[in-house]
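The numbers here are math on the coordinates, done by the rules we state, and not lab data. Since the structure is predicted, the reported quantities are computational estimates derived from the model, not experimental observations. Positions of Cβ are backbone-derived with ideal geometry, glycine not excepted, and every protein chain shown enters the neighbour counts.
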Amino acid sequence: MRALCVLHDAMSSPGLVGDALREQGWRVDEITVVPASSHHEPNVAMSFPDSADYDLLVPVGAPWSAYDDQRIGRWLAPELRWLADAVARGGAVLGICFGAQALARALGGGVRRAETPEIGWVPVDSDVPEVVPAGPWFQWHFDRFAPPPGAVEIARNSAASQAYRIGRCLGVQFHPEATAEGIEVWVDNGGAAHARALGIEPADLLAQARLLAAEARERARALVSGYLTTIHCCGQNV
């Protein structure tokens with residue numbers, strides 16, 4: 001089985017989700033949309049590969065908003081069409097944060113600024129803990145999705161909808177892939193100021209990430225396993 005992780009920027013990684021897929025025997029390929037040299041000007045050209053070549057698409061997070069067509073420019077609309085086409089042919093998508101927002105928008109849902117941004121480790125209320133454990137999950141988002149028509153919301157908290165399923169697809173607002181090392185990259189590349197603006201000390205954020213590292217890995221494994229056996233295999237309602 002072959003998965004494609006779509007890394008929207010050079011600071012993203014498949015992280016724990018990529019590891020969990022590999023542990024289950026999957027081949028995990030990666031593409032980066034915006035190279036590091038274009039981080040502050042993300043309007044780059046991008047040709048997405050044939051989604052039919054993959055058994056799973058995994059679009060992950062991004063530092064931009066999934067509704068900011070003007071700033072993102074040339075690759076956002078093609079990615080939305082690519083995701084919609086993949087789902088239309090029966091393909092599977094595991095969308096993470098920006099990836100879940102883009103998937104929601106591609107399928108007729110919405111994305112908007114969140115009233116309550118979230119950074120840090122946050123529990124969620126899950127209707128299906130065998131697919132989405134209650135957490136805590138690592139969050140880093142300023143936007144929120146409205147699940148697309150036909151989707152079933154399966155997790156939430158007071159700040160936002162946290163997970164939905166539709167067909168063979170799962171979208172999650174949080175970051176199951178996040179590692180302590182990956183979070184440190186975000187903190188060191190502009191994230192420290194975002195955290196402090198919410199009253200969060202970056203050093204505390206990183207300390208908690210290291211403390212919860214083993215638990216985070218197990219939760220990512222549970223999410224990937226639950227998704228593959230319950231949703232990816234057959235699009236079963238959960």
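Name the residue farthest towards the positive end of the dipole of the chain from the options Ala163, Ser13, Phe142, assuming +1 on Cβ of Lys and Arg, -1 on Cβ of Asp and Glu, about the Cα centre.
Ala163
Glu181 versus Arg2, label points 7 Å from Cα toward the beta carbon: distance in nm?
2.7 nm
Among residues other than Trp64 whose Cβ falls under 9 Å from its Cβ, what is the net charge (Lys/Arg +1, Asp/Glu -1)?
Net of charged neighbours comes to -1.
Kindly state, to the nearest 0.05, the FRET efficiency for Arg112 paired with Ser47, given R0 = 25 Å and r defined as their beta-carbon distance.
So the FRET efficiency works out to roughly 0.30.
Spin-label point model (7 Å from Cα, Cβ direction): what's the Ile31 to Arg74 distance in nm?
Once both label points are built, they end up 1.5 nm from each other.
What value, in deg cm²/dmol to 500, does the helix sum -39500 (n - 2.57) over DSSP H runs of n ≥ 4 give at 222 nm once divided by the residues of the chain?
Estimated from H runs of four or more residues: -8500 deg cm²/dmol.
If I stretch the segment between Glu201 and Ser158 completely, what's the gain in nm (0.36 nm per residue apart, minus their alpha carbon distance), one decimal?
Working it through step by step, the gained length comes to 13.3 nm.
May I ask you to work out the translational diffusion coefficient for the chain at 20 °C, viscosity 1.002 mPa s, via Stokes-Einstein with Rh from the Kirkwood sum over Cα pairs, reported in whole µm²/s? Spell out each step's value before the answer.
Numbers: Rh = 17.5 Å.
Reported coefficient: 122 µm²/s.
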